[in-house]
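Notes follow the structure.
The values are calculated or read from the model by the stated rules, or taken from the named source; none is laboratory data. Predicted model, so just to flag it, every value in this text is computed and none were measured. Positions of Cβ are generated from backbone atoms using ideal geometry, with glycine treated the same way; all protein chains shown enter the neighbour counts.
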Amino acid sequence: MRSLAAALGLLVIGVAGAVRTLPGKEGVPRQPVAWCYVQGGPLEVVRRAGRKTILLSSGAGALVPVMRTETKNGRVRVMLRITELATLAATDGWAESSQAQILPLDRFPSDEEILRQLNLEPPSGFGAPGAVVARWLVKQGDSGAALVCFVASSGLPESRLAAFLPAGGKYVRGPELEIPFSDMNPGILSGEVRDLVGDGVECLVTREPFRKGPEILGVNMVIRRLGRGDFSTLWAAPLESRNLGSFPPQVQTLQPLERNASAPGTVTKAEVEFEPRGKIYTLVWKATVEFFAAGQDKPSESVKVTKVCAWNGSEFEPVQ
């Protein structure tokens, strides 16, 4: 069993001379020199701030800018620019080249080209927030790999999940979704790519915040893949849910137990394990649901819930 890593994925392909090696003391360039693609995460990216070491955990599937390479004591490593989607802040960190493969910079469209194709124009001028473009390569069986981009900026009214499909050596605009901000969060907190159905068409697995009122909020896991001209949602379930906007007259435990998740007067915390069954994975949703009464700071009781969600040929069985 493998649990979802709540972090932004990378995907790596090999460092065979695709970028030039720079001296260790040279400044970090403003523009990337190549792309890094992580096939089987998590990939560990390290940043040192004085005596403090910051570890960034990376799942599979993302395409990340390479800012430079460095040779030290006979070892080659690459500097990657990782964007934390929850804050839209970028951080540079180092990864070992043995874990990374590099793709040429001109293999994929630039951020500016992505924004142009999507007709998005973030506010310009001094101090104006720029747009962040997070990327994943999502295999589409014999059709190659789609470039899936999440575009967000605090200066834009909504964030966008968009697919760009390979055509004639380029990537052209395909299906897209508008994803609203939630409490200043840009709609997707992290993502990774998994082949869950075993047919070579990969899925994008994301963590997405939601809010339905002052006391109704949380984070969902959402599994999507590209269908015929659109994104199809195969499964969605809460990883965190707080529903304390209203309370039942008395605490009651519903049956089956998964019905208690996100019910009024509850706080739910869950994780998802991906359990292989041959070539197809089964989703195992494991949660703790706490029950609260009006005016109480601590739960009066709690229940453990496990729901096995199998693939039915078109989607995974829902939790509820």
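Quick notes on this structure:
- Flag if Pro23 is at pLDDT 80 or above and in a loop (DSSP other than H, G, I, E, B): no
- Scope the range 267-288; condition surrounded by fewer than 20 Cβ atoms within 10 Å (Cβ to Cβ) and within 16 Å of Arg242 (Cβ to Cβ); matching residues: Val267, Lys269, Thr288
- Some residue of the range 68-88 being assigned to a helix (DSSP H, G or I), touching a residue at least 40 places away in the same chain (Cβ under 8 Å) and either in the same structural domain as Asp199 (by TED's automatic domain parsing) or over 18 Å from the mean Cα position of the chain (by Cα) (or both): no
- Members of the range 27-67 found to be aliphatic (A, V, I, L, M), more than 19 Å from the chain's Cα centre (by Cα) and not in a strand (DSSP E or B), listed by number: Val28, Val33
So that you can scan it fast, the table gives a plain yes or no per residue for (1) within 18 Å of Asp199 (Cα to Cα); (2) surrounded by 15 or more Cβ atoms within 10 Å (Cβ to Cβ):
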{"position": "Leu217", "(1), (2)": "no, yes"}
{"position": "Gly227", "(1), (2)": "yes, no"}
{"position": "Phe231", "(1), (2)": "yes, yes"}
{"position": "Ala261", "(1), (2)": "no, yes"}
{"position": "Gly265", "(1), (2)": "no, yes"}
{"position": "Glu290", "(1), (2)": "no, yes"}
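- The residues of the range 192-207 that are within 17 Å of Ser159 (Cα to Cα) and either surrounded by fewer than 22 Cβ atoms within 10 Å (Cβ to Cβ) or touching a Cys at 6+ places or on another chain (Cβ under 9 Å) (or both) amount to a single one, Arg207.
- Apart from one condition, Pro276 fits all of (1) within 13 Å of Thr253 (Cα to Cα); (2) within 27 Å of the chain's Cα centre (by Cα); the exception is (1).
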